[in-house]
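The values are calculated or read from the model by the stated rules, or taken from the named source; none is laboratory data. The shown structure was predicted, so the numbers you read here are calculated from the model rather than taken from an experiment. Heads up, the Cβs are rebuilt from the backbone with ideal geometry, glycines too, and the neighbour counts pull from every protein chain shown. Accessible surface areas use protein heavy atoms only, side chains included; no ligands, DNA or RNA. Shrake-Rupley method; radii C 1.70, N 1.55, O 1.52, S 1.80 Å.
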Amino acid sequence: MSPADSPSADRIIGDILELHAHCGVLGQDALLPVLHAIQDRLGFIPPDAVEGLAHSFNLSRAEVHGVITFYHYFKTTPPARCTVQICRAEACQSMGGDALLSHASQALGCGLHEHSHDGGFALEPVYCLGYCATAPAIMINDAVHARVTPARFDTLVAKATANAGEVA
Ligand code: FES
């Protein structure tokens, strides 16, 4: 059973719906605030929640799904333990950013906006981390790393994996 299926996720969503209802009624204008609140609490919008949300807002499942997928901000899968952001802005691209992205995709087994197969890493683009003079730069969770070569990338990912294992 995934965290999304756990009773606690259902309860959290139920509490959020209750909080946004006025006199027990949920106006359709509350859908976006509710989706934001769910993602803030759970890290994503569980696909299993769509039917209940549709019922609560008197919308079709397709309408709720349409809103969730329209906004790239909303995630429908649990967040990865580590997020790797590769700078795609000009200075980093001119210093080997494309090759670094290609290496990262191969090393993690996923492309941009995807998760690695084990769900441990998310690979995302970022546009300038302010480290242009020491490009190419990446960010792993909250830590920025500059002058990242493919070999250094592997070392950083191995450290992040070890750290995530300690926390888990
Ligand atoms: S362009 Fe990559 S850090 Fe500025």
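Just a few scattered comments:
- Based on C-alpha pairs under 8 angstrom that are at least 6 apart in sequence, the range 3-70 has a relative contact order of 27 percent.
- Between the beta carbons of residue 11 and residue 102, assuming R0 = 30 Å, the FRET efficiency works out to 0.10 to the nearest 0.05.
- Per residue, the convex hull spanned by the Cα atoms of the chain measures out at 131 cubic angstrom.
- Accessible area expressed per residue, the chain, with surrounding protein chains retained (probe 1.4 Å, Å²): 58 Å²
- C-alpha long axis of helix 150-167 to longest principal axis of the chain, angle in °: 40 degrees
- The range 68-105 versus the range 144-160: alpha-carbon centroid distance in Å: 15 Å
- Summary value for the chain: 17 percent relative contact order, contacts being C-alpha pairs under 8 angstrom separated by 6+ residues.
- D (Stokes-Einstein, µm²/s), Kirkwood Cα radius, the range 3-70, 1.567 mPa s at 4 °C: 109 µm²/s
- Environment charge at residue 61 (Cβ cut-off 13 Å; Lys +1, Arg +1, Asp -1, Glu -1): -3
- 17 Å cut-off, amide nitrogen to a point 7 angstrom out along residue 19 Cα→Cβ, residues in the range 46-61: 46, 53
- Subtracting the Cα-Cα distance of residue 58 and residue 142 from 0.36 nm times their residue separation leaves 26.3 nm of extension gain.
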